[in-house]
Amino acid sequence: MKLTRLHQAGFIIESPIGARIGFDFGSGSNLDDISRLKPDIVFVSHQHPDHFDRDLIDGLAVPVVGPKSLVKQLAFARHYGLGPCDSFSFADVIVTAIQVNHGPISASIEHFGYLLKILNRTIFFMADSKRFVKPPVAFDTVLIPVGGNKVFTPQEAADYLSSISFAGTIIPIHTEIAAIEGSRSEFIELVGNGQMVFDLQPGQSADI
């Protein structure tokens with residue numbers, strides 16, 4: 001599988017049969033990357049503008065999946081609202097919504113992370129997590145926010161992974177807008193040499 005990181009928490013993953021699934025296209029997203037990769041469907045975690053650019057997403061004219069209160073704002077007809085623990089299947093991927101905690105800033109909005117089940121792999125996209133959350137199943141790849149302020153600090157993110165004895169692939173995200181300078185490099189140093197870390201800049205891809 002190929003994963004291309006976009007701006008902030010956004011990314012596109014290409015499944016084994018070639019389905020291209022996008023997540024969190026927000027303000028600052030690189031339209032050239034999105035146009036080149038041509039996502040077939042887009043998932044949104046929550047309504048903050050660095051994760052949800054309504055005009056951009058409407059303009060793609062592809063199905064959109066996300067919290068019920070969020071997707072009803074979209075003009076494009078094919079949108080699907082999820083609640084906590086709801087799943088949505090697309091091509092060879094099953095995506096399950098996981099309630100995550102963004103801290104006080106998101107107390108009044110729906111905010112999901114997503115578990116992606118693709119063949120024998122499970123990927124956890126943690127969106128804007130600020131508090132520890134234990135998903136219902138184990139996962140082998142994690143996209144984890146490490147920018148500090150309104151998401152995990154580098155130490156909090158490292159502590160979370162240690163608390164669940166995580167030993168898979170790590171992709172740090174949320175390192176552009178409102179991130180503490182040096183947070184990504186600090187986090188990579190904290191998790192140590194025993195972990196596989198893909199330090200992807202926006203627009204860069206990795207086979208995972």
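The values are calculated or read from the model by the stated rules, or taken from the named source; none is laboratory data. If you're wondering where the values come from, they're calculated on a predicted model, not measured in any experiment. Backbone-built Cβ (ideal geometry, glycine too); neighbour counts: all protein chains shown.
Observations
- With respect to the conditions (1) modelled with pLDDT of 90 or more; (2) hydroxyl-bearing (Ser, Thr, Tyr); (3) outside any loop (DSSP other than H, G, I, E, B), Ser69 lacks only one, and its number is (1).
- Answer residue from the stretch 16-26, given it is touching a residue at least 60 places away in the same chain (Cβ under 8 Å), within 22 Å of Asp128 (Cα to Cα) and of a type in the set (A, V, I, L, M, F, W, C) and is surrounded by the most Cβ atoms within 10 Å (Cβ to Cβ) among those: Phe23
- Arg36 meets all of the listed conditions (1) in contact (Cβ under 8 Å) with a residue 24 or more places away in the chain; (2) outside any strand (DSSP E or B) but one, namely (1).
- Annotation: of all residues in the stretch 119-144 being of a type in the set (Val, Ile, Thr) and out of contact with any Asp or Glu (no Cβ under 8 Å at 6 or more places or on another chain), the one that is farthest from Asp199 (Cα to Cα) is Val137.
Okay, residues lined up against (1) among the small types (Gly, Ala, Ser); (2) modelled with pLDDT of 90 or more; (3) not in a strand (DSSP E or B):
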residue: Leu74; (1), (2), (3): no, no, yes
residue: Ala77; (1), (2), (3): yes, no, yes
residue: Tyr80; (1), (2), (3): no, yes, no
residue: Phe88; (1), (2), (3): no, yes, no
residue: Ile94; (1), (2), (3): no, yes, no
residue: Ala97; (1), (2), (3): yes, yes, no
residue: Asn101; (1), (2), (3): no, no, yes
residue: Leu115; (1), (2), (3): no, yes, no
residue: Ala127; (1), (2), (3): yes, yes, yes
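- Filtering the stretch 116-137 for residues that are surrounded by 13 or more Cβ atoms within 10 Å (Cβ to Cβ) and among the polar types (S, T, N, Q) leaves a non-empty set.
- As a summary of the residue check, Ile180 satisfies the conditions (1) within 24 Å of Asn30 (Cβ to Cβ); (2) under 17 Å from the mean Cα position of the chain (by Cα) except for the one numbered (2).
- Residue in the stretch 39-61 that is surrounded by the fewest Cβ atoms within 10 Å (Cβ to Cβ), counting only those that are over 22 Å from His102 (Cα atoms) and in contact (Cβ under 8 Å) with a residue 24 or more places away in the chain: Leu56
- Selection of the stretch 179-208 for residues being in contact (Cβ under 8 Å) with a residue 60 or more places away in the chain and of a type in the set (Gly, Ala, Ser) yields Gly203, Ser205, Ala206.
- Residue match in the stretch 37-49 (condition: of a type in the set (Ser, Thr, Tyr) and in contact with a Phe, Trp or Tyr (Cβ under 8 Å, 6 or more places away or on another chain)): yes
- Remark: Ser29 matches the filter, which requires a residue to be small (Gly, Ala, Ser), under 13 Å from Gly203 (Cβ atoms), touching a His at 6+ places or on another chain (Cβ under 6 Å) and buried (at least 16 other Cβ atoms within 10 Å of the Cβ).
Per-residue answers, yes or no, for (1) of a type in the set (Asp, Glu); (2) over 25 Å from Gly147 (Cα atoms); (3) touching a strand residue (DSSP E or B) at 6+ places or on another chain (Cβ under 8 Å):
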position	(1), (2), (3)
Ile17	no, yes, no
Arg20	no, yes, yes
Ala61	no, yes, no
Gly66	no, no, yes
Val71	no, yes, yes
